[in-house]
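Take a look at the structure below.
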Protein chains: 2
Amino acid sequence: MREIFYPRSVAVIGVSPKPDNLGRNIVANLVEYGFDGVVNAVGPSGGMIETRRIYHTVSGIPDAVDLAVIMTPARTVPGILEECGQKGVRWAIIETAGFREYGEEGRQLEQQLVEIADRHQIRFVGPNCIGAISMENGFCVPFPRLHKFIKPGDVSMVSQSGGVGMSVLNLMSNEGIGLNKFVSVGNMLNIDAEDVLEYLIEDPGTELIFLYLESIRDGQKLMHVARTSTKPILAFKSNIGNLGNTIALSHTASLTSDDKVVDAAFEQAGIIRIHDATTLGNNMKILRLPPMKGKNLAIISRSGGHAVIAADSCELSGFQLAELPEEFLREIEKHFRASVINLTNPLDLGDLFDLNVYAQIVEQTLQLDSIDGVVFLHTAISTTENESSRRLLEHIISLVQQTGKPVAYYISASAEEVNYLKQHYDFPIFTQVVETIRALEINQQYCKISKRLQAGEAIEQFPVEKAKAAALIQTARQEQRDLLLSEAIAVLGHYGIPTVSGQVALTVEEAQQAAEQMGYPVAIKIIADQISHKSDVGGVQLNLRTPGAVKDAFEDMISRIEKLYPDEKLDGVLVQPMVTGGRELILGGRQDPQFGPVVVVGLGGIFVEIIGQTVVRVAPISRRLAEEMVFSLSGSQILRGARGHRASDVDSVIESLQRLSQLLVDFPEIAELDINPLRVLPEGEGSLALDARIILNKE
Amino acid sequence: MREIFYPRSVAVIGVSPKPDNLGRNIVANLVEYGFDGVVNAVGPSGGMIETRRIYHTVSGIPDAVDLAVIMTPARTVPGILEECGQKGVRWAIIETAGFREYGEEGRQLEQQLVEIADRHQIRFVGPNCIGAISMENGFCVPFPRLHKFIKPGDVSMVSQSGGVGMSVLNLMSNEGIGLNKFVSVGNMLNIDAEDVLEYLIEDPGTELIFLYLESIRDGQKLMHVARTSTKPILAFKSNIGNLGNTIALSHTASLTSDDKVVDAAFEQAGIIRIHDATTLGNNMKILRLPPMKGKNLAIISRSGGHAVIAADSCELSGFQLAELPEEFLREIEKHFRASVINLTNPLDLGDLFDLNVYAQIVEQTLQLDSIDGVVFLHTAISTTENESSRRLLEHIISLVQQTGKPVAYYISASAEEVNYLKQHYDFPIFTQVVETIRALEINQQYCKISKRLQAGEAIEQFPVEKAKAAALIQTARQEQRDLLLSEAIAVLGHYGIPTVSGQVALTVEEAQQAAEQMGYPVAIKIIADQISHKSDVGGVQLNLRTPGAVKDAFEDMISRIEKLYPDEKLDGVLVQPMVTGGRELILGGRQDPQFGPVVVVGLGGIFVEIIGQTVVRVAPISRRLAEEMVFSLSGSQILRGARGHRASDVDSVIESLQRLSQLLVDFPEIAELDINPLRVLPEGEGSLALDARIILNKE
């Protein structure tokens, strides 16, 4: 992959002397950015541009070529790629548009490209992209003419949209964030975003990675690659539209939109998801500071108003405004005039105007063990202070390097001065107070997450009866149906998820006999392949206390179902003992098209029905993750026994979630799974799956 | 108030020839901004600055003076203000700091200022502020030396912090938003933020108002003034810290933080609250566009990626991407090359590069009746397009003027070009896609809210037995206690809020007799002045079905309470018939120190206990507002009968809220009030207050 960014010799194909020729722009960009390799221009018209000969064909180039940049009409690209292969070119960037996005003909051209690339072992970026930039060696091949608008740095970007990529480069330039590498991956026919990410994680010049994604080719690969990164990864994932438009058969599926799964997957893999450009810019800046290792913050402000705003934000961000030691304050106090404002945190600099003293205060604050980071809020009073403000900033930069603690530096000053600072210092400059604190929160959270990812987490493997579960699933698949209620409950049982034992009954007499054996009251539930929502059609009867009640319920249920589904084959009913007390949860899972198996948990009753609140994670999950799922449900405090409610057996829920995760990973043929409800009994008494559905992938 | 911004003759007091003198900066600012009146410099040292004589005293000025700007040490200010009064000066801006914020001595100086101003009928801004700016007449008196960094325009600002005010001016300058008037109100000893707001609403030069507030002096006045405004008002209210630190006796009080009341009050008064500077800048820009009268949006984009991001945002913002008429699309299609992208909304401009055609498409789109507004996403490909891009923008500006529909114009271009557009055009330029759509949402919401505010809303006055309620409250106040349970229920009854009729019983026999009369089962509740949470101390017993049960409960309760509160005078128990079925709500209210009476509603049970979800509004409330309160509760769908739940009598809740509002407005001496629970019966059956607390203001 390195060759995509560091070729020694490049052929730009599609160059002509016409002034609006896009290939010409590519050559001009390479010259302007000072590319340190050889550039060969190629175009059927031949001729020359700016003292440079245009070769008619790739094969006409006398020297070897590492990489071809192709910007010719779509129909010509396969022939050109073939020629490149014969010439021994092994890397290409195909910028031309007009492939699958233009219809069937384009799709066929793409197939040809894949075939040719395979045959010649060519790896290529695109088609339908704007190319790549590597600032270290002046490699700059986008087809729009670019002047040097961005400084070199250590942030690299992979974008699925050229337009969005360019706008992020403009944002970075505006914020003074330096670029290392940029690549627009287009239709990702050969090299995809995950491939580039893998390379950038190892790339010595890159310290922070930004991804713009409209689709995710291989979610599991993305998660796997991202987890190995010791560099922060920011991602903007768009195309979330038409949420819930997919047809969901189970509760679980309707409660876990694809986008919620993206959120979960990114969080699990340590990818920081952002949703707007402002946050992107601020996060790019803050993640270039040393990690904030704890929540103890000091705010030092020249304006009382800014201190108030910052303190509000700290409260919302969960930072602690650490109490400053008395002797420290006494030391600081010496710098102030007499009888001024009460010294505290936030520290209001009040009538102290000496910027050298500010630097001393920051230094002393950073030395405190009780402080993990500092927010410095500077209001430049007028342009006469610019010089001393710059010296202060330089001092702060060196303090950050020395102490390894972050100082988020905010300044209110003229646009010119702010721009000067952004372009001349390799240090983040913030110009909004609230946004500064929010960004610092991301720095602190990333520090925590990355520590955990680097430690790794064991996934428990429970001893289960996999073969028995497999047999039930296998039979249903052969019969092209989903699991019956009784089978679904049995599969859960084989995976150690406690269920209410039940008995299948085909007649009233069998049902009464079963009820007698297990003791009244009982519940009876219809068993039938095609009925999705049993209770909607009267297929569930609870709290039956006598043989007569069982008979009435059985007969009523059968006649009702037979009327509604005359063609349906009934497989009898399931008789279960009634379980009362405790709390209801819903547990479930499904196969996500992008990320594979996911598990989900929600509080039962109106929480899930009306409020639709659930938590989803990509399987497999560790015990810690299962705990996090349960405890991040809003209202989960009642499970722990808040406000006089009796505590529930949360441990059993956590284990059931882990076992469910194992089941879904073992059987990718399970498309959707619902346990609804899981009745959670009081602490120490476990929990029980009372009802279950397992829907299979029929392909 | 006009004189604060448009004096004909100014005395700047505190000027000396020293180079770091702040008064000197004020004079220099007036000169640089081209003030159109006379400036007199005053300072005890005398001398001159830049060919201008410094008068020793105010009285030494030969001409009349409209306004004094005072920047001298705090202890000298009362004497100077007195001298101003004698000279006939009626307006002043006191910028000096060192008053109440420095302690007791400063507070006494403030009292002198108030007394002097009263005597001479002087109105003044400050102290402890950075002064005022009026761009129309070049009046610019902040003490920091300011160069002309911001263009004139129609946005005015009132700030309680000088530092924050300056940083917002920097933001406006950076975004190309023009300023009309600015004032930093400091300690607001005489003129407060509400006064200035009132003036700006009438001020012909002001079209949009921004307030930065750290405290609210008179919330009801603020709401009243804001409601009269036909100009958008944006407000940043900080100092929300230490939420919940106030001691609350009732549920209601603990569920309605002061900041939640601020949110409600602003919404009710049509003030748009913002929480960060990025949103402030974007909202200032978007509100300068014509109002978006509906939710039908068209997105026109040059980059497919930006179109995807914009469509996502529209979904989150509740905009509808209106379907474009077939004939319109056929017309547009002519501009495109053959066989291109499917034309739809968002309209991807694809391979269409003619910027004149873009303008035509925008024009045709704006002419559609089905479109309320347009988002135009422009990606400038390179600097060669700058000229045609500017012409496109000019065309769009005139289309907006012609059609009265908003076009939110986004551009991705170099920082230089973006800055050129911001400074040279009086039109909002956006540089982030998501933020553009979010801003447009605010424009559309404000359009709706302002229409409603201008229509006005009637507050229903129910016929109530006010005198009877007053008598009960009066007696309790005389006895320096809160209302007893039975009295609280009676007060509600007098205001037409349905309650469960109960009987007070002092002995077991009375309790049994009462139960017999009303029929079993019954509930009994302790009546005692000092017991806040009855159920926590066994003061509530429900579901008593026999005389024996009543006896046991009564005796158990009395002995338990007597043990816990040996000094407490017991006033017997309240016997009530049991009411079952329905849903539980909590209704309440309290006196807010800033905004007066507020009402609150929440779903009962774990919603309010664990999730703490409630909705609060400032009283008095209209019927529409009461409805909005109930229906904005999350989970309120169950009240309407969602998902197979039986519908509740929501109408009775709405009326109870209105009556509660009337009660709280009538009796400001009610500090806190809880109805917990209000049991809401099925539709048509009403609702009943089962328990109530009324806590009185003891002052």
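Using alpha carbons only, what's the Rg to Rh ratio of the protein assembly as shown with Rh from Kirkwood?
Numbers: Rg = 36.3 Å, Rh = 36.3 Å.
Looking at the protein assembly as shown, the ratio lands at 1.00.
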Within the stretch A:495-520, backbone nitrogen closer than 15 Å to the virtual label 7 Å beyond the Cα of A:Glu555 toward Cβ
A:507-512
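Subtracting the Cα-Cα distance from 0.36 nm times the residue separation, let me have the gained length for B:Gln367 to B:Leu329 in nm, one decimal. Numbers along the way, then the final one.
Working: separation 38, 0.36 × 38 = 13.68 nm, distance 1.34 nm.
Full-extension gain reported as 12.3 nm.
Suppose R0 equals 45 Å. What FRET efficiency, 1/(1 + (r/R0)^6) with r the Cβ-Cβ distance, do A:Asp36 and A:Tyr425 give to the nearest 0.05? Don't skip to the end; give the middle numbers.
Values: r = 27 Å, r/R0 = 0.59.
Given R0 = 45 Å and the Cβ-Cβ separation, E is 0.95.
Rounded to the nearest 20 Debye, what is the dipole magnitude of the protein assembly as shown about its Cα centre when Lys and Arg each give +1 and Asp and Glu each give -1 at the C-beta? Don't jump to the answer; show the numbers that get you there.
On the way: 126 positive and 176 negative charges, 359 e Å.
Dipole about the Cα centre, nearest 20: 1720 debye.
Can you give the convex hull volume per residue for the Cα atoms of the stretch A:501-578, as a whole number of Å³?
Working: hull volume 5.8 nm³, N = 78.
Output value, Cα hull per residue: 74 Å³.
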Using only the Cα atoms of the stretch B:583-696, what are the Rg and Dmax in Å?
13.4, 43
Taking a ≥ b ≥ c as the square roots of the Cα gyration tensor eigenvalues, with a/c under 1.5 meaning rounded and otherwise prolate when a/b beats b/c or oblate if not, chain A comes out oblate
What is the angle, in °, between the Cα long axis of helix A:258-269 and the longest principal axis of the Cα atoms in chain A? Nearest 10 is fine, range 0 to 90.
70 degrees
In nm, to one decimal, how far is the modelled label at B:Arg119 from the one at A:Ile459, with both set 7 Å along Cα→Cβ?
8.4 nm
Taking 0.36 nm per intervening residue step and subtracting the Cα-Cα distance, what contour gain separates A:Ser450 from A:Asp571 on full extension?
38.4 nm
Once the label point is placed 7 Å from Cα along Cβ, list for A:Gly88 the distances to the corresponding points in the other copies, in nm, shortest first.
9.9
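Between the DSSP loop rule and a limit of at most 16 other Cβ atoms within 10 Å, which trypsin sites (Lys or Arg not before Pro) in the stretch B:314-400 are left? Don't jump to the answer; show the numbers that get you there.
Values: sites: B:Arg330, B:Lys334, B:Arg337, B:Arg390, B:Arg391; in loops: B:Lys334, B:Arg337.
Within the stretch B:314-400, the qualifying trypsin sites (Lys or Arg not before Pro) (loop, at most 16 other Cβ atoms within 10 Å) are B:Lys334, B:Arg337.
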Rg (one decimal) and Dmax (whole number) from the Cα set of the stretch A:1-127, in Å, equal 13.8, 41
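Would you please give the FRET efficiency between B:Ser632 and A:Ser45, computed as 1/(1 + (r/R0)^6) with r the Cβ-Cβ distance and R0 = 56 Å, to the nearest 0.05?
About 0.25, to the nearest 0.05.
If we count other beta carbons within 10 Å of each Cβ, what is the order of B:Ser632, B:Ser229, fewest first? Don't skip to the end; give the middle numbers.
On the way: B:Ser632 11, B:Ser229 20.
Ranking B:Ser632, B:Ser229 by Cβ neighbours within 10 Å, fewest first, gives B:Ser632, B:Ser229.
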Simple spin-label model, 7 Å along Cα-to-Cβ: B:Lys221 to A:Lys563 in nm?
7.1 nm
Out of B:Gln444, B:Val616, B:Ser156, whose Cα points farthest toward the positive end of the dipole of chain B (charges: +1 Lys, Arg; -1 Asp, Glu; placed on Cβ)?
B:Ser156
Point-charge dipole on Cβ atoms (K/R +1, D/E -1) for chain B, about Cα centre, debye to 20:
900 debye
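When a/c reaches 1.5 or more, the comparison of a/b and b/c decides; with that in mind, is the stretch A:474-519 rounded, prolate or oblate per its Cα gyration tensor?
On the way: a/c = 4.57, a/b = 1.49, b/c = 3.08.
Verdict is oblate for the stretch A:474-519.
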With the Cα gyration tensor of the stretch B:289-455 giving a ≥ b ≥ c as the square roots of its eigenvalues, does the rule (a/c under 1.5 for rounded; else a/b larger than b/c for prolate; else oblate) give rounded, prolate or oblate?
oblate
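Tell me, what is the percent relative contact order of chain B, built from C-alpha pairs under 8 Å that lie six or more residues apart?
Working: 1408 pairs, mean separation 64.7, N = 699.
Relative contact order of chain B: 9 percent.
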Return the calculated 222 nm mean residue ellipticity for chain B, to the nearest 500 deg cm²/dmol, obtained by summing -39500 (n - 2.57) across DSSP H runs with n ≥ 4 and dividing by the residue count.
-12000 deg cm²/dmol
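What dipole magnitude, in Debye to the nearest 20, does the stretch B:1-156 give about its Cα centre under +1 on Lys/Arg Cβ and -1 on Asp/Glu Cβ? Please list the in-between numbers first.
Working: 16 positive and 18 negative charges, 59 e Å.
It comes to approximately 280 debye.
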Determine, from the Cβ-Cβ distance of A:Gln111 and A:Arg75 and an R0 of 22 Å, the FRET efficiency 1/(1 + (r/R0)^6), rounded to the nearest 0.05.
0.95
Please find, among residues of chain A, the one with the beta carbon closest to the rotation axis relating it to chain B, distance in whole Å.
A:Thr278, 2
Evaluate the distance, in nm, between pseudo-label points positioned 7 Å from the Cα of A:Asp351 and of B:Asn137 along their respective Cα→Cβ axes.
3.3 nm
When you look at the Cβ of every residue in A:308-321, what mean number of other chain Cβ atoms sits within 10 Å?
4
Output row for A:Glu460: copy-to-copy label distances, label 7 Å along Cα→C-beta, ascending, in nanometres, one decimal, is 5.7
Between helix B:466-478 and chain B, what is the angle of the helix's C-alpha long axis to the longest principal axis, kept within 0 to 90° and rounded to the nearest 10?
80 degrees
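How high is the relative contact order of the stretch B:583-696, in percent, with contacts defined as C-alpha pairs under 8 Å that are six or more residues apart? Before the final figure, lay out each step's value.
On the way: 241 pairs, mean separation 34.3, N = 114.
Relative contact order comes out at 30 percent.
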Under the 0.36 nm per residue contour assumption, what length would be gained going from the current alpha-carbon distance of A:Glu416 and A:Ala467 to full extension?
11.3 nm
In degrees from 0 to 90, rounded to the nearest 10, what is the angle of the helix A:415-424 Cα long axis to the longest principal axis of chain A?
90 degrees
Please report, for A:Ala647, the nm distances (one decimal) from its label point, 7 Å out from Cα along the beta-carbon direction, to the equivalent points in the remaining copies, shortest first.
4.4
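Read-outs throughout are calculated quantities, based only on the coordinates presented, and are distinct from any laboratory measurement. Since the structure is predicted, the reported quantities are computational estimates derived from the model, not experimental observations. FYI the Cβ positions are ideal-geometry reconstructions off the backbone, even for glycines, and counts take in every protein chain you see.
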